[in-house]
Each structure stands twice: as C-alpha cells, then as structure tokens.
Amino acid sequence: MDLPALEERLGHRFRDRQLLNLALSHASIGAASNERLEFLGDRVLGLIIAERLFADYPSEEEGGLAVRLNALVRREACAKMGEAAGLAPHLIMASSESGSGGRGKSAILAGACEAVIAALYLDGGMEGARRFVLNYWKELFATLKPELRDAKTALQEWAQSRAERAPPVYSVTQRSGPDHAPVFTVEVRIGGRESEYGEGSSKRDAEQDAARRMLVRLGLWKE
C-alpha cells in the first residue's frame, strides 16, 4: 500500500499512520474497522460544510442553508470524493468483499471518505480536515444552484396545482446500516403515478431524495 502517495492526495502527512490504516479498514475484515471514525467524520464534514455555507450565503435563511448542506454531505457526494481522492485501491477489506466489487460500492467509498476526514481531524486538527474537504468539494460548491429549492416543498406545490390535488405520500421501506450510521430508503407516491425511491442518513434526507427523484422524472428538476 503506497501510503505516501495517498497522503499527497489527501494533502496531509500523518504523524500516526495507524489512524489512516484504520480509516481505510472495512468491517468485512472482522477486526477493528473504520465505523467509529465514520461516525466522527460525518460530524466533522457537516461542520466544515455548514461553516462554509454560512460564510458564502450571508442572506440565506436556515431552510435554504439546510437544503444546500444536505446536497453536499449526502452519500453520493462522499462516495464521489472518496473516488476522486483515490481511496478505493487502498481499502482494507475481506477478499470476498473485494471480489464482489466492494471497492466500487458507493456506501463503502462514502464511509471510507468520512472515516478519512475523521483521521485527518484527529491527526491534523480541524485545519487538516478542512483543507481536504474544501479542496475536494470545491466543484460541488461551485455548482450549487443560486436558488436551490427544497425538493419536498417543490413536489408538494406541484401536486397541489394538479386537478386531483393528491398530496405526496412518503413511507419508509427499508432501514439498513449500523445504528450510528443508518441508511433509510423512502418511497414517495402521488396518486396513481409510479413510485420513486430515495435514500438518506435520516428519514428527512431520504424523503428529500425521493422527492427530488420524482421531480427529475416529471421534468421539473434538473440535476
């Protein structure tokens, strides 16, 4: 494992490389894994993103900031950044997990990315974590829509404008993952239309994701 090359991409030389090794260790190895670091990294990432949004949008209300935060910390974003940082080849996992495509799984890459953020925080302080996040998330910050709407609100407004005025109905269809990092799957239905599904680390986030996917299918929301 070429840790110096990985450290170069992370922008931090670790004093304690065991932290980095732990951050890259998937639960499938059956020993110490990165799940505790993932828990911490999720909170560190949220704080860094919230701090940046607070500075970038001085006139935005809490609701608008929350929508932007959710867009930037969701699993897909973390997985994308984990891939961009080149974490996949360095992941420590059971051969069975690796053989079944584990290095490319979104949930695994996202968890590893959050764990690496925690390792950077513990080894290099908030500045170490912030440097990584602001570097890898800069394109996502740049592409945030100036008037980002709440997907659930937009879907509700659209439904109310229809003749049948049937409101969206949300229901949790699945809950997976460990207790400290759950993943919820939510179904949204409107009248007799085909359902859409969304995922998130909370019911609220999953509902927003489902609403957004429904709006995309209806041609009312551009990715």
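For this structure, a couple of remarks:
- L53 aliphatic (A, V, I, L, M) and closer than 17 Å to A119 by Cα: no
- Residue in the range 169-180 that is modelled with pLDDT under 85, hydroxyl-bearing (S, T, Y) and surrounded by fewer than 20 Cβ atoms within 10 Å (Cβ to Cβ) present: no
- For the range 103-126, the criterion of being polar (S, T, N, Q) and over 15 Å from the mean Cα position of the chain (by Cα) is satisfied by no residue at all.
- Top-ranked residue in the range 17-29 [being in a helix (DSSP H, G or I) and closer than 24 Å to E199 by Cα; ranked as nearest to the chain's Cα centre (by Cα)]: A23
The values are calculated or read from the model by the stated rules, or taken from the named source; none is laboratory data. Since this is a predicted model, take the numbers as computed values, not measurements. Quick reminder, even Gly has a Cβ in these numbers, built from the backbone with ideal geometry, and neighbours come from all protein chains shown.
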